[in-house]
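Below is one structure, written out as structure tokens, with a few remarks after it.
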Amino acid sequence: MIDFPERYRVPFDGSFKLKQAKTTEDQKKTEEELADQLKKAVKKIDKLQQALYADDHYALLLVFQAMDAAGKDSTIRAILKGVNPAGCQVFSFKQPSAEELDHDFMWRTTRCLPERGRIGVFNRSYYEEVLVVRVHPEYLAGQNIPKHGKLEEIWEERYESIRDHEKHLARNGTVVLKFWLNVSKQEQKNRFVSRLDEQDKNWKFSAGDVQERQHWDEYMQAYEAALNETSTKYAPWYAIPADDKPYMRVAIAEIIADTLEAMHLQYPDISVEEQAKFSEARHLLEAEDKT
């Protein structure tokens, strides 16, 4: 049986090499077998989420980052399908608004953090500021940040801010899991063509996606740097092969389930006084049948 967390966790020592990260995995399970495994994992997540809510000491934050067409939306949908929607919060972060640009780069995501007892999902996140903005440093002009002597200082400061932010969350009960969906350049091309060929997928396509594809190498360098700088024991990154969507979803679901299970969530104890009230309530309910 595959130990998914161990296999895909990005090392904490800065030794991650993107060229060694797989975009597909050699495995012999059929789509039907993977679908069954996913169903069981989601059922487990649903049960554990109920315990998370009852325990009320922790929250779980899932961060998804990837190149376009890697499957973030469909993966989030597949993993949370069957989980109580009242226990989940999903936020997608696109181009920042004028109001968001007038605050620090983590302000807009901080407002959307899950409260204790819930699973929060970020479809893209504050990491855009060391990914997209690093590939397009011209975007910094609209952020009105204090001047820096060297551009590299900005990224180093943002990595530090992210690490501090995630450590603060961990100290206060928010467990952070971060998933990079590692899709190959060829598979991205295939999915873009599929969006053009299939009418019901046309709405997913944007000409801007192809333009960003021209910066593929710069994005890969930015991802490698970000994962090395910010994969920590308290907020690990997982580099998940994304060319095979069914396998990718199983890997992510299993990691989430394992993490929730390791939290040793407990339903609250019932005090002697509350038990006495329960007995009284039972007596009153049973008495209704005698009247």
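Assorted remarks:
- Positive end of the dipole of segment 1-132 (Cβ unit charges, origin at the Cα centre): among I76, Q37, T110, the Cα lying farthest that way belongs to Q37.
- Residues W180, W155, sorted so that the one with the fewest Cβ neighbours within 10 Å comes first: W155, W180
- For R118, the residues whose amide H sits under 5 Å from its own are L60, ignoring neighbours fewer than 5 places away on the same chain, with H placed 1.01 Å from N.
- Taking the Cα centre of segment 70-163 as reference, the dipole from Cβ charges on Lys and Arg (+1) and Asp and Glu (-1) amounts to some 580 debye.
- Label point distance in nm, Q214-K29, each placed 7 Å from Cα along Cα→Cβ: 4.1 nm
- Whole-number percent relative contact order across segment 4-288, with pairs defined as alpha carbons under 8 Å at least 6 apart: 36 percent
- Added length on full extension, which subtracts the Cα-Cα distance from 0.36 nm per residue, F93 to D3: 29.3 nm
- A P(r) calculated from all alpha carbon pairs of the chain, with 10 Å bins opening at zero, reads 6, 25, 32, 21, 8, 4, 3, 1, 0 percent.
- Linear extension gain, I270 paired with R111, 0.36 nm per residue minus alpha-carbon span: 53.9 nm
- Each of N123, P246, P96 was placed along the dipole of the chain (beta-carbon charges, centred on the mean Cα), and the one lying farthest toward the positive end is P246.
- Beta-bridge orientation, the chain: approximately 10 percent antiparallel, per DSSP, counting only bridges with both partners inside.
- Taking a ≥ b ≥ c as the square roots of the eigenvalues of the alpha carbon gyration tensor, segment 179-256 is oblate, as a/c is not under 1.5 and a/b does not beat b/c.
- Cα centroid separation, segment 83-161 to segment 213-232: 16 Å.
- D13/E138 FRET efficiency (R0 45 Å; Cβ-Cβ; nearest 0.05): 0.85
- FRET efficiency, 1/(1 + (r/R0)^6) with R0 51 Å, evaluated for E153 and Q50 via beta carbons: 0.65
- Angle in degrees between helix 151-171 and the longest Cα principal axis of the chain, rounded to the nearest 10: 10 degrees
- Here's how it looks for V176: its modeled amide H is under 5 Å from those of L61, which are all 5 or more places away or on a different chain.
- Whole-Hz couplings from phi, Karplus 6.51/-1.76/1.60, listed for segment 259-271; x for Gly and Pro: 5, 4, 5, 6, 7, 6, 5, 10, 6, x, 6, 9, 5
- Counting neighbouring beta carbons within 10 Å and listing from fewest to most, the residues Y247, Y267, Y139 come out as Y267, Y139, Y247.
- Its Cα centre serving as origin, the chain has a Cβ charge dipole (Lys and Arg +1, Asp and Glu -1) of approximately 480 debye.
- Over the chain, dividing the summed -39,500 (n - 2.57) contributions of all DSSP H runs of at least 4 residues by the number of residues returns a 222 nm mean residue ellipticity of -15000 deg cm²/dmol.
- Links that overshoot a 28 Å alpha carbon limit, given the list K44/K201; K29/K178; K28/K167; K29/K167: K44/K201; K28/K167; K29/K167
Each reported figure results from applying straightforward, stated rules to the coordinates on display, with no laboratory input. The model shown is predicted, which means the values in this text are computed figures rather than measured ones. Cβ atoms come from the backbone with ideal geometry, glycine included; neighbour counts cover every protein chain shown.
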